[in-house]
Amino acid sequence: MAFLALIVGIILLIKGGELLFDGSIAISLKLKIPKFIVGMTVVSFATSAPELIVSIQAAIMGYPDLALGNIVGSNIANVAFVLGIIIIITPIKVDKVFFKTDWPIMMVITLLFFLLFKNDNSLSTNEGIVLLITLLIYLTFLILYKRNDSEEDALLNYQNDITFSRIFSQLIFGGFFLWLGSEVLIKGAVELATQIGISERIISISIVAFGTSIPELSTSIVAILNKEKGISIGNLIGSNIFDMLGVMGITAIIAPINNVDQELIQSDFIWMLVIAFLILPLIFINKRYIFGRIEGIILISIYVAFISRIF
């Protein structure tokens with residue numbers, strides 16, 4: 001029953017994430033918000049919604065390892081598994097903006113996130129506020145930096161003729177499915193960990209994190225099919241940043257994270273840092289700065305090694 005609860009929870013999270021994603025984009029375009037802003041904010045936040053709801057619920061219910069492990073595991077899955085799958089499907093040329101802003105910002109934020117936990121294995125309300133302020137600074141920078149970037153205007157080819165009643169129903173049902181899915185998923189994860197004698201940390205950074213990363217995978221694949229390859233990498237970078245700053249910032253403000261498993265800080269965090277760093281040298285394997293199938297296989301292999309290590 002515990003494993004079935006995990007599956008049902010993941011399905012509800014996926015469906016809730018899809019509805020929230022569609023509704024959020026539709027209402028943003030209805031309000032005439034520029035597409036590049038929608039792409040950098042709404043898309044990343046909507047695809048991070050499952051992680052947000054799961055982490056908040058886990059923290060409130062007294063499972064800090066689930067709350068943090070979900071974020072660490074999702075970030076690793078996004079960069080290693082999801083990106084690996086994407087570039088195996090189709091190679092992607094990396095733009096200069098990746099070197100100048102995207103990758104350096106992600107690394108700085110990842111280091112900040114690590115240092116906040118390394119000091120005392122916890123994340124206080126004040127530290128959560130710091131993360132949210134950092135997110136606002138990041139979003140302000142993006143809006144100012146991308147304001148004159150015409151390429152981003154083609155970021156989303158999305159219908160904006162959906163009625164407000166349909167948008168409202170998408171948002172309501174999306175939120176409900178996310179809440180219900182998080183309840184079922186967390187209880188199933190805790191029960192499964194108890195039954196097979198492993199820690200909540202292991203369940204959270206593997207099964208739970210993989211389930212909450214599925215929206216990023218589906219969004220990126222859809223972007224590729226629509227020949228918008230830039231969003232596939234940008235979405236993953238943005239989602240990871242939202243996870244660390246937004247998801248954990250909001251979670252810590254609502255329910256501070258305390259007494260985190262040392263293994264998360266001393267081992268899983270290091271894997272997250274190393275994998276995030278490795279993206280840069282992997283780009284230089286190909287002199288044309290193309291993420292190809294070789295790099296994809298390397299990333300998938302790293303993810304398999306990470307999962308194999310924790311079990």
Exercise. Test N259 against the criterion of being in a loop (DSSP other than H, G, I, E, B), over 17 Å from P91 (Cβ atoms) and of a type in the set (S, T, N, Q), and give yes or no.
Key: yes
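Please find, within region 247-297, the residue that is surrounded by the most Cβ atoms within 10 Å (Cβ to Cβ) out of those that are β-branched (V, I, T) and within 16 Å of N121 (Cβ to Cβ). So that I can check it myself, show each step before the final result.
To start, the set of residues in region 247-297 that are β-branched (V, I, T) comprises 247, 250-251, 253-254, 257, 260, 265, 270, 274-275, 279, 283, 285, 290, 294, 297.
Narrowing the set further to residues that are within 16 Å of N121 (Cβ to Cβ) leaves 251, 257, 260, 265, 270.
On the way: T251: 29, I257: 24, V260: 20, I265: 18, I270: 11.
Among them, the one singled out is T251.
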Within region 74-107, the count of residues that are outside any helix (DSSP H, G or I) and polar (S, T, N, Q) comes to 1
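Residue by residue, here is whether (1) touching a residue at least 40 places away in the same chain (Cβ under 8 Å); (2) of a type outside the set (V, I, T) holds:
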{"position": "I14", "(1), (2)": "yes, no"}
{"position": "E18", "(1), (2)": "yes, yes"}
{"position": "G23", "(1), (2)": "yes, yes"}
{"position": "L29", "(1), (2)": "yes, yes"}
{"position": "P50", "(1), (2)": "yes, yes"}
{"position": "G62", "(1), (2)": "no, yes"}
{"position": "G69", "(1), (2)": "yes, yes"}
{"position": "S74", "(1), (2)": "yes, yes"}
{"position": "F98", "(1), (2)": "yes, yes"}
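Looking at this structure, is I250 out of contact with any Phe, Trp or Tyr (no Cβ under 9 Å at 6 or more places or on another chain) and at pLDDT 90 or above? Please lay out each step first, then the result.
Working: out of contact with any Phe, Trp or Tyr (no Cβ under 9 Å at 6 or more places or on another chain): yes; at pLDDT 90 or above: yes.
It is true that I250 is out of contact with any Phe, Trp or Tyr (no Cβ under 9 Å at 6 or more places or on another chain) and at pLDDT 90 or above.
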Condition set surrounded by fewer than 17 Cβ atoms within 10 Å (Cβ to Cβ) and polar (S, T, N, Q), scope region 175-198, selection nearest to S55 (Cα to Cα): answer is T194
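Give the residue, chosen from I137, I89, that is modelled with pLDDT of 85 or more, out of contact with any strand residue (DSSP E or B) (no Cβ under 8 Å at 6 or more places or on another chain) and loosely packed, with under 13 Cβ neighbours inside 10 Å. Even if it seems obvious, please write down each step before you answer.
Working: I89 fails: loosely packed, with under 13 Cβ neighbours inside 10 Å.
Unique residue meeting the criteria: I137.
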Every listed condition ((1) of a type in the set (S, T, Y); (2) under 19 Å from the mean Cα position of the chain (by Cα); (3) more than 25 Å from I137 (Cα to Cα); (4) modelled with pLDDT under 90) holds for T194 save (2)
Matching residues in region 15-56 (assigned to a helix (DSSP H, G or I), within 13 Å of the chain's Cα centre (by Cα) and at pLDDT 80 or above) number 8
- prompt: So is S206 crowded, with 19+ Cβ neighbours inside 10 Å and not β-branched (V, I, T) or not?
  reply: yes
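Just wondering, is there one or more residues in region 282-291 that are of a type outside the set (V, I, T), part of a helix (DSSP H, G or I) and over 29 Å from S24 (Cα atoms)?
yes
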So is I300 surrounded by fewer than 22 Cβ atoms within 10 Å (Cβ to Cβ), farther than 26 Å from I137 by Cβ, under 20 Å from the mean Cα position of the chain (by Cα) and of a type in the set (V, I, T) or not? yes
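Name every residue in region 60-73 that is of a type outside the set (D, E), in a helix (DSSP H, G or I) and either modelled with pLDDT of 95 or more or within 29 Å of A305 (Cβ to Cβ) (or both), in order of residue number. Steps first, answer last, please.
Looking only at region 60-73, we keep the residues that are of a type outside the set (D, E), and these are 60-64, 66-73.
This time we only want the ones that are in a helix (DSSP H, G or I), so: 60, 64, 66-73.
P64, L66, A67, L68, G69, N70, I71, V72, G73, listed by residue number.
The values are calculated or read from the model by the stated rules, or taken from the named source; none is laboratory data. Not measured: the values here are computed from a predicted model. Note that we place each Cβ from the backbone using ideal geometry, even for glycine, and neighbour counts take in every protein chain shown.
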